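Notes for the one structure printed next.
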Amino acid sequence: STGTANSCTACEVGKYSNLAGFSSCTACRRGEYQDEESKTECKICAAGEYSGSMGLATCEACAAGTVSPSEGSPFCTTCSPGTVAATAGLTSCTACSPGKFSGSGTDAKICEPCAAGTYS
């Protein structure tokens, strides 16, 4: 926001300004956030978290069944079949043990035993 002639306005959360003399603040990029006002840079989302939109004040944990292996991620990756992320906020998928399987996406939270007459 712009200030009046005798004051300047703080950049709100989710935005920053790294140069003097600017008339507006810049929204943090996807994969970044800023939870404080009046800052000159954005913070990077931790591994296991993401921010999928610009101008966010927080990052979100990746849901169970998805992961974010590195910091600064704009999205979470779905675990592939045969692997799981049992809880939210994980950085890697874990392989199911022999005799068990998992689906992908929201089904990639639990390794299920193979039914009688099948194997993995």
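The values are calculated or read from the model by the stated rules, or taken from the named source; none is laboratory data. As the structure is a computational prediction, the values presented were derived from the model and not from experiment. In this analysis, Cβ positions are derived from the backbone assuming ideal geometry, glycine residues included, and neighbour counts consider all displayed protein chains. Keep in mind that these areas ignore ligands, DNA and RNA; they rest on the heavy atoms of the full protein, side chains included. Shrake-Rupley method; radii C 1.70, N 1.55, O 1.52, S 1.80 Å.
Here are ALA46, ALA10, ALA63, ALA20: which of them is part of a loop (DSSP other than H, G, I, E, B) and surrounded by 17 or more Cβ atoms within 10 Å (Cβ to Cβ)?
From the options ALA46, ALA10, ALA63, ALA20, the qualifying one is ALA63.
Going by the structure shown, is GLU41 of a type in the set (D, E, K, R), surrounded by fewer than 15 Cβ atoms within 10 Å (Cβ to Cβ) and part of a loop (DSSP other than H, G, I, E, B)?
So GLU41 passes the test.
Somewhere in region 112-119, is a residue part of a loop (DSSP other than H, G, I, E, B), among the aromatic types (Phe, Trp, Tyr) and open to solvent by 30 Å² or more (accessible area, probe 1.4 Å)?
Checked against the condition, which is being part of a loop (DSSP other than H, G, I, E, B), among the aromatic types (Phe, Trp, Tyr) and open to solvent by 30 Å² or more (accessible area, probe 1.4 Å), region 112-119 yields at least one hit.
Output the residue which, of all residues in region 66-92 that are farther than 26 Å from LYS43 by Cβ and buried (at least 22 other Cβ atoms within 10 Å of the Cβ), is nearest to the chain's Cα centre (by Cα).
Looking at residues that are farther than 26 Å from LYS43 by Cβ and buried (at least 22 other Cβ atoms within 10 Å of the Cβ), I get CYS79.
Pairs please, first residue from region 54-83 and at negative phi and aromatic (Phe, Trp, Tyr), second anywhere and assigned to a loop (DSSP other than H, G, I, E, B) and surrounded by fewer than 16 Cβ atoms within 10 Å (Cβ to Cβ), Cβ atoms under 6 Å, 6+ apart in sequence or on different chains.
Hits for this filter: PHE75/GLY52.
Is it fair to say GLY31 is on the phi > 0 side of the Ramachandran plot, open to solvent by less than 70 Å² (accessible area, probe 1.4 Å) and in contact with a Gly (Cβ under 7 Å, 6 or more places away or on another chain)?
Criteria met by GLY31.
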